[in-house]
Amino acid sequence: MTSLIKTTVLSLITVFFITSAHAQFLSEQDRAQIMALKKTALSSNLAYEIDESLTTEVGPRRVGTPGDKLGVDWAVAKMKQLGFDKVWTEDVTHYVWHRGTIEARILAPFPQKMVAIALGGSVGTPKSGLNAEVVEFANFAALKAAAPGSLDGKIAYISYRMERKINGAGYRPAVISRGAGPSVAASKGALALIIRSVGTDNNRLGHTGGLRYKDGIAKIPAAALSNPDADLLSNQIRRGKPVKVFLKLTAERRDDTPVITHNVIGEVTGRTHPNEYVVMGAHLDSWDVGTGAVDDGIGVAITLAAAHYIANLPERPKRTIRVILFAAEEVGLVGAEEYVRKHEDNMVNHMIGAEWDFGTGRIYEMTPGVGPSALNAVRALADLLAPLGVSLSPKNTAKGQSDMSALGNKGMPAINFEPDGMDYFDYHHTQNDTLDKVDAEALKQNTAVYVIYSYFAAQSEVDFRK
């Protein structure tokens, strides 16, 4: 058999098996509809226009700020404008926090100013600030190993540098210093904690982000240095002389003062199974220092645009498409946890979910988290996504990104879409989280992936739990 004939036969066999696999879950008309949706998503600038609208007309959306309320109003109006059948909000409660101002500088041995930012939720310093010697730790584990009382009257400093990874894998070993570091430092006697920013850039900008104080341990001020200033501080320390730092935060935390924000939920109603939900998610809130165009304006834009394309079809898919724009993700998945509490009784109606909350580039891989029988359907979905450059992970462990993990942990099947996040942590939680960092062409591919996923899951009627 000639090489040409072999290639032709193999191609025909491949087409036969792919077509057969699709036929188990979708009709020929359904497949044609998916191709049309894909073409629309790849040729439209709608997702970028949504992100531009959010960041221009609203901007930063930290919980409890005027921008947070404005963002909720914007989301309700935008969903209605985009053709969602049902749009509503659900209350989420958090506490009041004011960022205030920050001043950080090295007093000795070589006086220099440093650029820093308060960590989200931090308490303030005394009004006159703190003047204390700094003790450096290479990472969180080193701080944790310090003897109790060894930091009495001192400022702890974690200098661990985050590693750049396409899938964001460098984040977890770095972010523990931000989240758990303040309480661990306090347990050793520290007056305050300074960390190297959890970020991969070399800009003289600090990366903020939430901390978690542990009950029963004193709350101490916590701040992040820009990467260049962390280098500066470490360079002074390695000269072997005591290094003294001045730190002043006017941040104010009011745990006893509630603030109400909202999850915003919209639906494109299914024609035959309206009470079965295929879920897409993103978080609506952001930190207050950028405009939230990347984190998570990209996710808001993708999910709204994908649902809009399906809403515009002459015939809706069988199941309902539900988009959840979660509140208060940045301060600890608060909106997602409230959503689960409110909807726990009907979580079985949440057939599958996917969220966007990471990355600036194109999706290159999908990881399922479904029942063993549903893996054949996932393979059929993967065949539809392969021409977009999306491969299927051999793992079946997905629980959903960020907020969606709260639903996944309650038994909802999930798909994790992995985008290129190589430069994501250059901008994450900084003043540089702005619209110019958004790749409009990547948004088209990403939206195409989400619209194919959601239409496939809604129309195929697969039980992803089995």
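The values are calculated or read from the model by the stated rules, or taken from the named source; none is laboratory data. All of these numbers come straight from a predicted model, not from anything done at the bench. Cβ sites come from the backbone with ideal geometry, for glycine too, and all protein chains shown count toward neighbours.
Things worth noting here:
- In this entry, Val279 passes the filter for residues that are touching a Lys or Arg at 6+ places or on another chain (Cβ under 6 Å) and aliphatic (A, V, I, L, M).
- When the test is whether a residue is among the hydrophobic types (A, V, I, L, M, F, W, C), in the same structural domain as Arg178 (by TED's automatic domain parsing) and within 30 Å of Arg62 (Cα to Cα), Phe110 does not pass it.
- Subset of the range 140-160 [in contact with a helix residue (DSSP H, G or I) (Cβ under 7 Å, 6 or more places away or on another chain) and either surrounded by 16 or more Cβ atoms within 10 Å (Cβ to Cβ) or outside the structural domain of Pro228 (by TED's automatic domain parsing) (or both)]: Phe140, Leu143, Leu151, Ala156, Tyr157, Ile158, Ser159, Tyr160
- Among the residues of the range 204-249, just one is under 25 Å from the mean Cα position of the chain (by Cα) and free of Cβ contacts under 8 Å to residues at least 40 places away in the same chain, namely Lys214.
- Scoring Pro126 on the criteria (1) under 23 Å from the mean Cα position of the chain (by Cα); (2) surrounded by fewer than 19 Cβ atoms within 10 Å (Cβ to Cβ); (3) not assigned by TED's automatic domain parsing to the domain that holds Gly297 leaves a single failure, condition (1).
- Search result, residues across the range 66-94 that are part of a strand (DSSP E or B) and within 21 Å of the chain's Cα centre (by Cα): Thr89, Glu90, Asp91, Val92, Thr93, His94
- Close Cβ contacts (under 8 Å, 6 or more residues apart or on different chains) running from residues in the range 62-83 that are within 11 Å of Asp285 (Cβ to Cβ) and assigned by TED's automatic domain parsing to the domain that holds Leu304 to residues that are surrounded by 21 or more Cβ atoms within 10 Å (Cβ to Cβ) and modelled with pLDDT under 95 are absent.
- Those residues of the range 303-322 which are in contact with a helix residue (DSSP H, G or I) (Cβ under 6 Å, 6 or more places away or on another chain) and among the basic types (Lys, Arg), in sequence order: Lys318, Arg319
- Of all the listed residues (Thr261, Thr291, Thr257), the sole one being within 24 Å of the chain's Cα centre (by Cα) and assigned to a strand (DSSP E or B) is Thr261.
- Residue within the range 181-190 that is in contact with a Phe, Trp or Tyr (Cβ under 8 Å, 6 or more places away or on another chain), without any contact (Cβ under 8 Å) to a residue 60 or more places away in the chain and in a loop (DSSP other than H, G, I, E, B) present: no
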